[in-house]
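Quick notes on the structure that follows.
The values are calculated or read from the model by the stated rules, or taken from the named source; none is laboratory data. Remember, it's a predicted structure, so these values are computed and weren't measured experimentally. Cβ placement follows ideal geometry from the backbone for every residue including glycine, while neighbour counts extend to all protein chains displayed.
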Amino acid sequence: MRKKLLSFVLPILFFGTIVNAQTKIWDFGNDTATWPLSGGIGNTPMVVDNLGLFPLPAGNINFGAITGNNATFPDGYTATQRFQMNGAGYPTGPFQVMPTQRYLFIDVSGACTVKVWFRPGSADAARTIYVTNGTTVIGQATSATSGGDQTILTAAVPATGRYYIYGDTACNLYKVEVTGATVNTSLSLENLNKLTTNVFGAGNQVYVQNVVSNTEVKVYGITGALVKSFNTTSDVNFELNKGLYIVNVKSEEGEKSVKVLMN
């Protein structure tokens, strides 16, 4: 009787494991029905097949252009076209953990693995792709500078939430894969371009200016530890010890994170 019961339970457990190990793939390189050849998505954020696309709010419209390009990756994956980022996920200047332009975003239901197949947008130039949650880098990978620059980024996403995929400059994406969680991306929270609050550091002071509504301010150390948290309805400045910090501000207008260096 015990053997019969065990033989009945094990298939159920195995089946449950298969069901929970969900996988979502965006194959820019071969899925011409979802990703036909195009010159870009314009200046308006959108969601395509549960993948969020955030272009430049104004100016060039070529983010998300799909163009022909053959590529073979180390794992054997091959592609005949590519998704072009056509620039960095932030304006000229230091790296920003919260992108403001030219990025992908996904809303996931729990811990999962995110993989990105990419190449640099220019020959003989090393390029980096990041996966972040807006306050912490979850994973990153840098391409080679010459032959064999096809690169696969693997990032272990720790929890439910929104995550961002973007480059430090122009990169071409061929495939994105999420394994282990459901992806259900919407535009409901994608209002970063409406947030006008400015954050900057000077000396040992951090300034939060142009506050127009109740705003939550959180300060993180470079390890991701929360060092300060408060709410404000008006412009404010506060002191921090020497070091590098990430200041996240969030209000009904949107959310952004800014890296500040205290001297």
>> Condition first: hydroxyl-bearing (Ser, Thr, Tyr), closer than 23 Å to Ala65 by Cα and surrounded by 15 or more Cβ atoms within 10 Å (Cβ to Cβ). Can you find one or more residues in region 104-119 that meet it?
In response: no
>> Pull out all pairs, ordered by first then second residue, where Cβ-Cβ is under 6 Å, the residues are six or more apart or on different chains, the first lies in region 34-49 and is in contact (Cβ under 8 Å) with a residue 60 or more places away in the chain, and the second is of a type outside the set (A, V, I, L, M, F, W, C) and assigned to a loop (DSSP other than H, G, I, E, B).
In response: Pro45/Glu190; Val47/Thr185
> What is the residue count in region 56-85 for residues that are over 19 Å from Thr169 (Cβ atoms), exposed (fewer than 12 other Cβ atoms within 10 Å of the Cβ) and free of Cβ contacts under 8 Å to residues at least 40 places away in the same chain?
Replying inline: 4
> When both residues are 6+ apart or on different chains and their Cβ atoms are under 7 Å apart, which pairs have a first residue that lies in region 140-156 and is within 10 Å of Pro74 (Cα to Cα), and a second that is outside any loop (DSSP other than H, G, I, E, B) and β-branched (Val, Ile, Thr)?
Replying inline: Gln150/Thr72
>> Suppose we keep only residues that are more than 11 Å from the chain's Cα centre (by Cα) and among the charged types (D, E, K, R) within region 120-164. Which one would you say is surrounded by the fewest Cβ atoms within 10 Å (Cβ to Cβ)?
In response: Asp124
> Which residues, taken from region 108-124, are touching a residue at least 40 places away in the same chain (Cβ under 8 Å) and of a type in the set (A, V, I, L, M)?
Replying inline: Val108, Ala111, Val114, Val116
>> Looking only at region 185-223, filter to residues that are more than 22 Å from Asn263 (Cβ to Cβ) and of a type in the set (Gly, Ala, Ser); which one of those is modelled with the lowest pLDDT?
In response: Ser188
> Do we find a residue being closer than 27 Å to Val258 by Cβ and touching a strand residue (DSSP E or B) at 6+ places or on another chain (Cβ under 8 Å) anywhere in region 65-77?
Replying inline: no
>> For region 249-263, give me each residue that is crowded, with 20+ Cβ neighbours inside 10 Å and either at pLDDT 85 or above or of a type in the set (Gly, Ala, Ser) (or both).
In response: Val249, Ser251, Ser257
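Take region 203-227 and flag every residue that is closer than 24 Å to Glu253 by Cβ, among the small types (Gly, Ala, Ser) and in a strand (DSSP E or B).
none
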>> Can you find, within region 224-240, the residue that is modelled with the lowest pLDDT among those that are under 28 Å from Gly139 (Cα atoms) and of a type in the set (Gly, Ala, Ser)?
In response: Gly224
>> Scan region 90-103 and tell me whether some residue there is of a type in the set (A, V, I, L, M) and outside any strand (DSSP E or B).
In response: yes
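What do you reckon, is Val183 among the hydrophobic types (A, V, I, L, M, F, W, C) and in contact (Cβ under 8 Å) with a residue 60 or more places away in the chain? Write out each step before concluding.
On the way: among the hydrophobic types (A, V, I, L, M, F, W, C): yes; in contact (Cβ under 8 Å) with a residue 60 or more places away in the chain: yes.
Yes; evaluated as a whole, the condition is true for this residue.
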>> Restricting to region 231-251, give me the number of residues that are part of a strand (DSSP E or B), out of contact with any Leu (no Cβ under 9 Å at 6 or more places or on another chain) and more than 13 Å from Leu261 (Cα to Cα).
In response: 6
> Can you list the strands (runs of 3 or more DSSP E) found entirely within region 117-174 that contain at least 3 residues being touching a Gly at 6+ places or on another chain (Cβ under 6 Å)?
Replying inline: none
